[in-house]
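Contents: one structure, followed by commentary.
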Amino acid sequence: MTKLLVVEDEPKTLQSIRQGLEENHYEVDIAYDGQIGRDLALRNAYHLLIVDIIIPGINGIQLVQEIRRAGIHTPVLMLTALDSSKDRIASFDSGADQYLSKPFEFAELLSRVRNLTKRETPFPFQAQTLQFADITMNLDTKTVQRGDKLIELTVKEFTLLEFLIRNRGRVISKTEIAEKVWDIDFDTGTNVVEVYVSYLRRKIDKDFDQKLIHTHYGIGYILKEE
């Protein structure tokens, strides 16, 4: 089933779009603000993102810019009540594929959705390069660079960094890291997560003024810019 993400903060509009799309046999995830929408887009594979510009958290323009910087090429249909040339240009410059002004007929939205989802399956949308702050990860060559410095990582260190980047801005528990990175049930008697986070910090953060890996004591870790 074709999977879509709709990011819209107006409940009636969101539910109307969702209902109409599901009646046309699309699988639909929803988000009421830009930050949640961004996190879902970075974690999941979608055939299409439908994004309103004026949303809480980060706006639609910023959301699209961030996922494009992360190397995700999922088609984006921008929805907005703003209809000036400046707004259309800003949408396309951010990386959006099409632009639909409110109010619109659902039939027109459906036509755009059908057109955009014919292009790809979600699998090519998985980024071959991940970017966060001044870190660049190449998933094909398994290389990492921060600024001008090439960082040598072991396989597990690379996997851990990839997981942190894909979940940027979110506090991740030790349990979740153990399950997703090591594919094991977390044992409170082991410090494997702490050890590998320490290894990664030594390579990613130690020689740089801006620290990116932060501890939330008693909870877990978060990758963020200070």
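Look at region 201-222: where a residue is closer than 19 Å to Ile172 by Cα and without any contact (Cβ under 8 Å) to a residue 40 or more places away in the chain and a partner is open to solvent by 20 Å² or more (accessible area, probe 1.4 Å) and assigned to a loop (DSSP other than H, G, I, E, B), sitting 6+ places away or on another chain with Cβ atoms under 6 Å, you get Asp205/Lys211.
Restricting attention to region 127-164 and to residues that are among the charged types (D, E, K, R) and within 20 Å of Glu225 (Cα to Cα), the residue that is nearest to the chain's Cα centre (by Cα) turns out to be Glu162.
From the residues in region 66-95 that are at pLDDT 85 or above, part of a helix (DSSP H, G or I) and open to solvent by less than 50 Å² (accessible area, probe 1.4 Å), which one is farthest from Thr117 (Cα to Cα)? Filtering region 66-95 for residues that are at pLDDT 85 or above, part of a helix (DSSP H, G or I) and open to solvent by less than 50 Å² (accessible area, probe 1.4 Å), the one farthest from Thr117 (Cα to Cα) comes out as Glu66.
If you go through region 14-38 one residue at a time, how many are touching a residue at least 12 places away in the same chain (Cβ under 8 Å) and part of a helix (DSSP H, G or I)? Before the answer, list the steps.
Of all residues in region 14-38, those touching a residue at least 12 places away in the same chain (Cβ under 8 Å) come to 14, 16-18, 20-21, 24-38.
The next check asks that each one be part of a helix (DSSP H, G or I); those that pass are 14, 16-18, 20-21, 34-38.
Residues that pass the stated criteria total 11.
The number of residues in region 178-207 that are open to solvent by less than 40 Å² (accessible area, probe 1.4 Å) and either at pLDDT 90 or above or in a loop (DSSP other than H, G, I, E, B) (or both) comes to 4. Scanning region 44-57 for residues that are buried (at least 19 other Cβ atoms within 10 Å of the Cβ) and either part of a loop (DSSP other than H, G, I, E, B) or on the phi > 0 side of the Ramachandran plot (or both) turns up Tyr46, His47, Ile53, Ile55.
Report yes if Ala41 is buried (at least 16 other Cβ atoms within 10 Å of the Cβ), touching a residue at least 12 places away in the same chain (Cβ under 8 Å) and under 21 Å from Leu109 (Cα atoms), otherwise no. Talk me through it step by step, then tell me what you get.
Working: buried (at least 16 other Cβ atoms within 10 Å of the Cβ): yes; touching a residue at least 12 places away in the same chain (Cβ under 8 Å): yes; under 21 Å from Leu109 (Cα atoms): yes.
So Ala41 fits the description; yes.
The values are calculated or read from the model by the stated rules, or taken from the named source; none is laboratory data. Being a predicted model, the structure only gives us computed values, none of them experimental. Counting neighbours? That spans all protein chains shown, and the Cβs are built from the backbone with ideal geometry, glycine included. Protein only, heavy atoms only, side chains kept; ligands, DNA and RNA dropped before computing areas. Shrake-Rupley method; radii C 1.70, N 1.55, O 1.52, S 1.80 Å.
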